Structure formats: structure tokens, C-alpha cells
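What follows draws every value from the coordinates through simple rules; no lab data is involved. As the structure is a prediction and not an experimental result, all values here were calculated from the model. Neighbour counts run over all protein chains shown; Cβ positions are idealised from the backbone, glycine included.
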Amino acid sequence: MSDVHAAYPELLRFTLHWRGGSLNIQAPFPGEQFWLPTAAAVAAALELGVPPEQVVARTASFAPLPNRSTVQEVSAGPKFLVDTAKAPWHSLNIALEMIAKAKGARKRIVLGQISDYAGSSRKYGAAYNIAREIADEVIYTGDNAHRSRASQADRDSGRFIELRTAKEVSDHIKRTAVPGELILLKSSSNLHLERIALAWTHDVKCWVPICRKSESCQMCGLYEVPFEEQRDFLAKRKLARRRHRFRWLLGG
């Protein structure tokens, strides 16, 4: 393995050396942290006899899983790195290093829930100290947004912003977005911060702070329906499908 590199908008590339020679691998990931699983998948495919040229092509065209350092680019708007599936403390620095290496007109970091938060402000304070050196603006959101230990000077200057809900963050970014800026959305899944990026391409109406669904908003698919109306919406959709199937069975 050699020449591992990723610095968004330059996506992951590396050279894999094996008994058949060397392969120049390109993959649609914005961070170098993906080199190991990518190399493992490539090596497994080669060992199983998949032709090298097919391995290279399939790796380059792979569709990343939603909300796992996924890139969402908005035409004439911001570019999001959506990493909202999980946020354990031990790997938080990987996401921060990814945006540190990235290039953008401006950088912002939105941090929500740290997965293994243990009742102390220390982790949120340490994360802020790192994030403020990387980004032009750091936004904390969720129930632990007040634990940043950000200085009053950073609050007054706008270097740090505390907003309690994803809707507030979304509204703030919509008001202040700069074309080409880079925004990292980082949190455990309970806050569903992916809605902030989705709101640029969809009419997001589900902004409940905590819905208690473990699946992503993309998997749920109800983000364009207000949370309080979703039960009735699902019931009506189920009834409509039953009626459609009944008519089909009758040949109508």
C-alpha cells in the first residue's frame, strides 16, 4: 500500500501492491480513514478472482452509505460532509482531521451528541478546542450544546454558536451560507442532523428534536411530513395500498 491521499474535494486514492502488480484505486470517500476497509474489499475481490479492471471500476463507482462521511454538494450553495450515523469520542478526531485537510471557501463544524458522553463537560470542551482551530465557525447543538466551554470572546465574535435544535441550526445555515463553503455535520444518530443537509434539496417538515427512531431520515422517508402527522399519514398510505391491491385482484 502506498500513496494514500484524500483532501476533499480530492477523494480517496491509493496504490495497492499485490502479487499481480499494482492497482491505482480511487474511491468516492472524502477522508483517508476509509483506506483500510477499501483496501480490504479490494483484496478480498482479487483473492476471489474478480478481474483487476473490474475491481478498480466497481470501487470507483461505489455508492457510499448515507450519513457516513457522505458528501452532499448543493449547486451554488454549501458542500456538506454528513457524518451523523455515530459519534464515539475515540474516533471524533478522525472526522475533525478530515475537514482540517479539506479545502473550502469557508469551513464550519456542527457538533451534536457525542455517543459515549458520560456526564462531564470535558469531552465537549476538548472537542471545541480542536474544532475552533480548524473551522471559521463551530456550532454546538442538542442537549449538551452548553458544555462547549467556549469563551465569551468566541461567543461574541460568532466563532462559537450554541443552538439547541437541528431546525435552529438549519435556519442559521440557510441565512448565512456561502457558496462553496464546507460544513461538517457530526453527531450520533439520535439528533438526525442529516436533516440540515436534506433541507437544501427537500422540503423537510419533520423537525422534532428527538424522534427515537434508530434508522436514518433517508431510511424513514417521512422527513417531508410533520412528525405529529406521520401516524395518520402512514395509516392513510397503508389503506390506499390495500385498496389498490384489492382493485388489482378484482381486475379493476
Task: Amide hydrogen neighbours beyond the local backbone of residue 177, cut-off 5 Å, H modeled - done: none
TODO: Run the quick spin-label model on residue 43 and residue 155: label points 7 Å from Cα toward the beta carbon, then report their separation in nm to one decimal.
DONE: 5.0 nm
Task: HN-Hα J in Hz across the stretch 195-204 - Karplus 6.51, -1.76, 1.60, θ = phi - 60°, x for Gly and Pro - done: 4, 4, 6, 4, 5, 7, 10, 9, 8, 5
Task: Gaussian network model of the chain, springs between alpha carbon atoms under 10 Å - residue of 102, 240, 63 with greatest fluctuation - done: 240
TODO: Obtain the nm distance between the two label points defined at residue 245 and residue 218 by a simple spin-label model: each point lies 7 Å from its Cα along the Cα-to-C-beta direction.
DONE: 2.8 nm
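Pairs to check: 79/238; 101/167; 186/238. Give those whose C-alpha atoms are more than 31 Å from each other in this structure. Please report the intermediate quantities before stating the final value.
Working: 79/238 36 Å; 101/167 28 Å; 186/238 34 Å.
As for pairs spanning more than 31 Å Cα to Cα, those are 79/238; 186/238.
Lys and Arg at +1, Asp and Glu at -1: add these up for the other residues within a Cβ distance under 12 Å of residue 86 and post the number. Each step should come with its number before you reach the end.
Values: positive: 68, 186; negative: 83, 116.
That sum, taken over residues with Cβ under 12 Å, equals 0.
How high is the FRET efficiency from residue 26 to residue 164, r the C-beta distance, R0 51 Å, rounded to 0.05? Walk me through the intermediate numbers first.
Working: r = 40 Å, r/R0 = 0.79.
Working from the Cβ atoms, E equals 0.80.
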Task: Scattering curve values for the stretch 100-252, log₁₀ I(q)/I(0), Debye with Cα scatterers, q = 0.19, 0.20 Å⁻¹ - done: -1.18, -1.27
TODO: Name the long-range amide H neighbours of residue 73: under 5 Å, sequence gap of 5 or more, or other chain; modelled H, no Pro or chain starts.
DONE: 80
Open item on the list: Full-extension gain between residue 93 and residue 201, please, as 0.36 nm times their residue separation minus the C-alpha to C-alpha distance.
Closed with: 36.0 nm
Open item on the list: Only Cα pairs within less than 10 Å get springs; with that Gaussian network setup on the chain, which residue of 122, 241, 155 has the largest fluctuation?
Closed with: 241
TODO: With θ set to phi - 60°, apply the Karplus curve 6.51 cos²θ - 1.76 cosθ + 1.60 along the stretch 184-194 and write out the HN-Hα couplings as whole Hz, x wherever there is a Gly or Pro.
DONE: 8, 9, 10, 5, 6, 6, 5, 8, 6, 5, 4
Task: Fluctuation leader among 69, 189, 157 - the chain, Gaussian network, Cα springs under 10 angstrom - done: 157
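So, with +1 on the Cβ of K and R and -1 on the Cβ of D and E, and no other charges, what is the size of the charge dipole of the chain about its Cα centre, to the nearest 20 debye? Walk me through the numbers before you get to the answer.
On the way: 36 positive and 26 negative charges, 215 e Å.
Dipole magnitude for the chain comes out near 1040 debye.
Can you pull the Rg over Rh of the stretch 87-163, Cα-only, Kirkwood? Spell out each step's value before the answer.
Working: Rg = 11.8 Å, Rh = 12.5 Å.
A ratio of 0.94.
What Kirkwood hydrodynamic radius do you get for the stretch 10-74 when you take the inverse of the mean 1/r over all pairs of distinct Cα atoms, in Å?
12.4 Å
Applying 1/(1 + (r/R0)^6) with R0 = 22 Å to the Cβ-Cβ distance of residue 1 and residue 61, what FRET efficiency is obtained, to the nearest 0.05? Could the numbers behind the result be given before it?
On the way: r = 21 Å, r/R0 = 0.97.
Once rounded, the FRET efficiency stands at 0.55.
Just to verify a number: FRET efficiency for residue 126 and residue 174, C-beta to C-beta distance, R0 = 30 Å, to 0.05? It would help to have the intermediate numbers written out before the result.
Working: r = 30 Å, r/R0 = 0.99.
Given R0 = 30 Å and the Cβ-Cβ separation, E is 0.50.
Any idea what % of Cα-Cα pairs in the stretch 34-160 are farther than 20 Å?
Working: 4359 of 8001 pairs.
Here the long-distance tail beyond 20 Å is 54 percent of all Cα pairs in the stretch 34-160.
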TODO: Please turn the phi angles of the stretch 147-161 into ³J(HN,Hα) values with the Karplus equation 6.51 cos²θ - 1.76 cosθ + 1.60 (θ = phi - 60°), one per residue in order, whole Hz, x for glycine and proline.
DONE: 9, 5, 6, 5, 6, 5, 4, 5, 5, 5, 7, x, 5, 10, 10
Open item on the list: Positive end of the dipole of the chain, charges at C-beta (+1 Lys, Arg; -1 Asp, Glu), about the Cα centre: which of 223, 128, 187 has its Cα farthest in that direction?
Closed with: 223
